[in-house]
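Peer 1: The structure's right below; bear with me while I get my questions together.
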Amino acid sequence: MGLENVRRVAVVGAGSMGNQIAQVAARVGGYQVKLNDINDEMVAKGLDTIRNTLQKHFVEKGKLTAEEMKAIVDRIVGTAKLEEAVKDADFVIEAAAENLAIKKDIFRRLDAFTAPHVILGTNTSGLNITDIASATKKPDKVVGMHFFNPVAVMKLVEVARGATTSQETTDMACEMCRKLGKEPIVCRDVGWGFLGNRAYGAMSDEAIQMVWERVASPMDIDRAMRLGFNLPMGPLELGDLTGRWGLRIASEEDRIREMGEARGRAHPMIRMMVRAGYPGGPGKKGIYDFWNDVLSKW
Ligand code: NAD
């Protein structure tokens with residue numbers, strides 16, 4: 001089955017990334033989309049976010065009419081039942097919590113509920129694709145599709161190939177990315193973190209270490225990276241925006257297993273921040289607040 005035959009897309013996980021991917025699939029791809037999460041409340045929250053985002057960033061800015069927005073919203077149906085979400089899907093993208101056990105359980109069920117030809121993409125930031133694929137009986141159909149945040153804005157999708165991902169699946173995933181207005185970059189998944197996050201993570205970890213050593217404030221470190229290296233945002237403000245600190249702790253065990261203790265262990269300051277309630281992410285406090293509230297006075 002080629003991409004031209006794909007009509008229905010299912011997105012599993014209606015959180016920060018899932019609702020954005022669903023929105024782009026319906027708005028740019030024109031697909032019928034089912035959006036799934038663990039309960040009705042999480043599904044409703046995801047759908048609300050989609051409506052609010054479309055209203056604020058598209059209708060109010062004159063990029064969509066109210067009628068066009070309604071048509072997009074009508075194409076997205078939420079359900080808390082995974083089987084209901086994926087049973088007639090032609091393409092599935094999973095964007096649930098970054099936890100290997102949760103993802104493997106989801107993929108085991110996706111395998112049972114989807115037709116054999118259906119591609120199962122995962123938006124994992126770095127969990128091992130071959131490991132996730134091993135939970136299914138069609139590991140050749142499982143592929144990493146790592147969208148970047150905010151999905152509507154960022155062009156890149158890393159298409160991560162596990163040891164068992166077929167060329168056909170890799171090609172289809174790339175085609176789907178292009179259909180959604182993105183530029184896929186294929187990489188081989190050898191352990192943890194794909195491509196961009198490995199390179200960027202090294203810089204972010206060093207910036208965290210510098211805050212810890214009080215080399216400068218997070219704001220000045222970011223300013224230096226913007227002014228000196230022409231980055232649109234510094235690594236610390238980007239971490240605050242994306243919720244990097246919470247994700248770093250949530251993925252620590254997996255990272256240690258894949259990359260060893262030295263590279264996998266989260267920095268003590270990240271652990272401290274997350275414990276104190278500063279994980280970053282939309283509407284949540286991050287390192288800038290932690291500096292102002294705690295570190296600068298400590
Ligand atoms: P999030 O916490 O905002 O959303 C995760 C959602 O998954 C929640 O709504 C949760 O209820 C749901 N969920 C948990 N278990 C589930 C299950 N069994 N079935 C269905 N839904 C389930 O997290 P997020 O930031 O959207 O991240 C989702 C995925 O995207 C993760 O794999 C993450 O690594 C990846 N990712 C995140 C970013 C980012 O910037 N936040 C960027 C790229 C990739």
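Just so you know, all these numbers are worked out from the coordinates, no wet-lab data involved. All values derive from a computational prediction rather than experimental measurement. So basically every Cβ, Gly included, is an ideal-geometry build from the backbone, and we count neighbours across all protein chains shown.
Peer 1: Compute the whole-percent fraction of alpha carbon pairs in the stretch 56-128 spaced more than 14 Å apart.
Peer 2: 68 percent
Peer 1: May I pose another question? Using alpha carbons only, how many degrees (0 to 90, rounded to 10) separate the axis of helix 40-54 from the longest principal axis of the chain?
Peer 2: With rounding to tens, the tilt is 80 degrees.
Peer 1: Towards the positive end of the charge dipole of the stretch 3-188, with charges on Cβ (+1 Lys, Arg; -1 Asp, Glu), say which of L35, A152, V9 has the farthest Cα.
Peer 2: A152
Peer 1: As a test of the definition: which semi-axes, in Å, follow for the chain when you take the square root of five times each eigenvalue of its alpha carbon gyration tensor? Largest first, please.
Peer 2: Working from the Cα gyration tensor, I get semi-axes of 32, 23, 17 Å.
Peer 1: How high is the relative contact order of the stretch 198-292, given as a whole-number percent (alpha carbon pairs under 8 Å, six or more residues apart)?
Peer 2: 28 percent
Peer 1: Once Lys and Arg get +1 and Asp and Glu get -1 on their Cβ, which of P279, T114, A80 lies farthest toward the positive end of the dipole of the chain?
Peer 2: Positive-most Cα among the choices belongs to P279.
Peer 1: Kindly state, to the nearest 0.05, the FRET efficiency for E84 paired with E213, given R0 = 45 Å and r defined as their beta-carbon distance.
Peer 2: That pair, E84 with E213, gives E of 0.30.
Peer 1: Setting aside same-chain residues fewer than 8 positions from K63, which lysines have a Cα under 25 Å from its Cα?
Peer 2: In chain and number order, the partners are K34, K45, K155, K179, K182.
Peer 1: To the nearest 10 degrees, how steep is helix 196-212 against the longest Cα principal axis of the chain, on a 0 to 90 scale?
Peer 2: It is inclined by approximately 30 degrees.
Peer 1: Taking the Cα centre of the stretch 167-298 as origin and charging only Cβ (+1 Lys, Arg; -1 Asp, Glu), how large is the dipole, in debye to the nearest 20?
Peer 2: Dipole magnitude for the stretch 167-298 comes out near 260 debye.
Peer 1: Roughly how many nanometres apart are two label points built 7 Å out from the Cα toward the Cβ at M154 and N5?
Peer 2: 3.3 nm
Peer 1: At 0.36 nm per residue, and after removing the present C-alpha to C-alpha distance, how many nm does the segment from A163 to N292 gain when stretched out fully?
Peer 2: Going from the current span to full extension adds 41.9 nm.
Peer 1: The stretch 77-178: D in µm²/s via Stokes-Einstein (Kirkwood Rh, Cα pairs, 25 °C, 0.890 mPa s)?
Peer 2: 181 µm²/s
Peer 1: Still on this model: Roughly what would the spin-label model give for E206 and V73, points 7 Å off Cα along C-beta, in nm?
Peer 2: The modelled label-to-label distance comes out at 4.7 nm.
Peer 1: Could I ask something else about it? Taking only C-alpha pairs under 8 Å that are 6+ residues apart, what is the relative contact order of the chain in percent?
Peer 2: Rounded, it is 13 percent for the chain.
Peer 1: Among I249, H57, P235, whose Cα sits farthest toward the positive end of the charge dipole of the chain (+1 at Cβ of Lys/Arg, -1 at Cβ of Asp/Glu, about the Cα centre)?
Peer 2: Comparing the listed Cα positions along the dipole, H57 ranks first.
Peer 1: Would you calculate the separation in nanometres between label points at E60 and L241, each defined as 7 Å from the Cα along the Cα-to-beta-carbon direction?
Peer 2: Going by the 7 Å Cα→Cβ label model, 1.8 nm.
Peer 1: A follow-up question, please. What ranking, highest mean first, results for peptides 273-283, 172-182, 17-27 when packing means the other Cβ atoms within 10 Å averaged over each residue?
Peer 2: 17-27, 172-182, 273-283
Peer 1: Which net charge results for the neighbourhood of E94, defined as the other residues with beta-carbon distances under 13 angstrom from its beta-carbon, given Lys and Arg at +1 and Asp and Glu at -1?
Peer 2: +2
Peer 1: How big is the gap, in Å, between the Cα center of the stretch 91-114 and the Cα center of the stretch 235-298?
Peer 2: The stretch 91-114 and the stretch 235-298 have Cα centres separated by 26 Å.
Peer 1: Could you work out how much longer the chain between N39 and L195 gets when fully extended? Use 0.36 nm per residue separation minus the Cα distance between them, nm to one decimal.
Peer 2: Extra length available between N39 and L195 comes to 52.8 nm.
Peer 1: Ranked highest first by average number of other Cβ atoms within 10 Å, how do 136-149, 30-43 line up?
Peer 2: Highest-to-lowest ranking by the protection proxy: 136-149, 30-43.
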